[in-house]
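Here the structure is laid out as structure tokens; the discussion comes afterwards.
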Amino acid sequence: MTETIKIETGLFPLLTYNKAGTGNAIVLLHGFPESRKLWDKVVPSLADYFKVIVPDIPGSGESVFKGDDVSMEQLAESIALVLEHEHIEEVVIAGHSMGGYVALAFAERYKQKVKGLCLIHSNASADDDAKKELRRKSIELIKKGGRDAFIRQMIPNLFSGAFKTQHPELLEANISEGLKLEGRSLIAFYNAMINRPDRLCILESAAFPVQWLAGKEDTIAPPSKMLQQSMLASINFVSVYPGVAHMGMLENPERMSGDILEFAAYCFSNKPKHVDAK
Ligand code: MLT
């Protein structure tokens, strides 16, 4: 059974998250421009074994940030507030794309709480200048009233060609979800991404295992970049999904659920992890 919980905090007027299952905790963070709904196909099999916490990142779904700007560090703070509300001390934290950037900011500030970090179609580098420029152009477009055009143009690029042809209804559903985000949130998220620092050092110093879930056809988080970074932490679980682009939780939810389950079981097991051997 999934429960939806809403909390009001000083920092965030409203934080909303789903909770399912019992036991050790896994947090699933969605990307841009999505909401906690993104994980609906993955949660049930994880919730058979774990407590699964699925927040709306503030500015998405039913979570709200104050003012016009928000940083990756503040978004990570919203996750800490959810965990505090649930009295959860240790987590496997999994983030999809922008959710991965939030997970890395969380791991930087709360490394003692992290039992494992799962980066899904994501990476730990800062944006390069070309990427920052592209984001600034999109911000200008949204400011000029082009929010809908921006969403309709960007969402199809998240999926593989074959998936788009076979599941036009899912593509449309994702466009509808994206259109629910206010222009103010889209702009704040892009600025947060532009301003986020390189966090490769979090991987290099990680005292926890790191999982990499990459789509072979992903042009946004290319597998080559993810695989390069999978050399940095001491313990890495790597899966590359053929026929999948940037949305493995929709393009191949069975495999993604299985991979996260296996990783979380390892992270919470009492097997020696040899992470101090560096
Ligand atoms: C996402 O899926 O969260 C975004 O594509 C991330 C990004 O643009 O870097």
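FYI, it's all coordinate maths here, none of it is from the lab. Keep in mind that this is a model prediction, so the values were computed, not measured. FYI the Cβ positions are ideal-geometry reconstructions off the backbone, even for glycines, and counts take in every protein chain you see.
Please label the shape of the stretch 62-120 as rounded, prolate or oblate, based on the square roots a ≥ b ≥ c of the eigenvalues of the alpha-carbon gyration tensor (a/c under 1.5 means rounded; beyond that, a/b larger than b/c means prolate, else oblate). Because a/c hits 1.5 or more and a/b fails to exceed b/c, the stretch 62-120 counts as oblate. In order along the stretch 32-38, the Karplus-derived 3J(HN,Hα) couplings, from 6.51 cos²θ - 1.76 cosθ + 1.60 at θ = phi - 60°, round to 10, x, 10, 8, 4, 4, 3 Hz, and Gly and Pro are given as x. Note on the stretch 84-172: Rg/Rh from Cα positions, Kirkwood definition for Rh, rounded to two decimals, is 1.08. Karplus-derived 3J(HN,Hα) values for the stretch 172-178, using 6.51 cos²θ - 1.76 cosθ + 1.60 with θ = phi - 60°, are 4, 4, 6, 5, 4, 4, x Hz; glycine and proline are entered as x. With a Förster radius of 35 Å applied to the beta-carbon distance between residue 176 and residue 73, the computed FRET efficiency rounds to 0.70. Given R₀ = 35 Å, FRET efficiency for residue 4-residue 157 by Cβ-Cβ distance, to 0.05? The formula returns an efficiency of 0.70 here. Going by a ≥ b ≥ c, the root eigenvalues of the Cα gyration tensor, does the stretch 1-151 fall in the rounded group (a/c under 1.5), the prolate group (a/b larger than b/c) or the oblate group? Here the stretch 1-151 falls in the prolate category.
The peptide list 187-199, 92-104, 19-31, put in order of mean Cβ contacts within 10 Å with the highest first, becomes 92-104, 19-31, 187-199. Per residue, the convex hull around the alpha carbon atoms of the stretch 1-47 comes to 94 Å³. Roughly how large, in nm² to one decimal, is the mean projection of the convex hull of the alpha-carbon atoms in the stretch 202-245? Over every viewing direction, the Cα hull of the stretch 202-245 projects on average to 2.8 nm². Considering all different alpha carbon pairs of the chain, the Kirkwood hydrodynamic radius works out to 18.7 Å.
The simple Förster model, with R0 at 22 Å and r as the Cβ-Cβ distance, assigns residue 165 and residue 219 a FRET efficiency of 0.80. Once backbone amide H atoms are built at 1.01 Å from N, residue 50 has 22 as its partners under 5 Å, excluding neighbours fewer than 5 places away on the same chain. Bridgeable lysines around residue 143 (alpha carbons under 21 Å apart, same-chain partners fewer than 8 residues away excluded): 66, 131, 132, 180. Taking 17 Å as the cut-off, the amide N atoms of the stretch 95-121 that come nearer than this to a point 7 Å along the Cα-to-beta-carbon line of residue 228 belong to 121. Restricting the calculation to alpha carbons of the stretch 213-278 gives Rg and Dmax of 13.4, 37 angstrom. Using the Cβ atoms and a cut-off under 14 Å, what net charge is assigned to the surroundings of residue 167, where Lys and Arg are +1 and Asp and Glu are -1? Cβ neighbours under 14 Å give a net charge of -1. Please state, rounded to one decimal and in Å, the Kirkwood hydrodynamic radius that the stretch 147-278 gives when every pair of distinct Cα atoms enters the mean of 1/r. 16.9 Å is the Kirkwood radius here.
Quick one: pull the percentage of alpha-carbon pairs in the stretch 169-222 with a separation above 12 Å. Everything past 12 Å amounts to 79 percent. With neighbours defined as other Cβ atoms within 10 Å of a residue's Cβ, the residues 119, 15 order from fewest to most as 15, 119.
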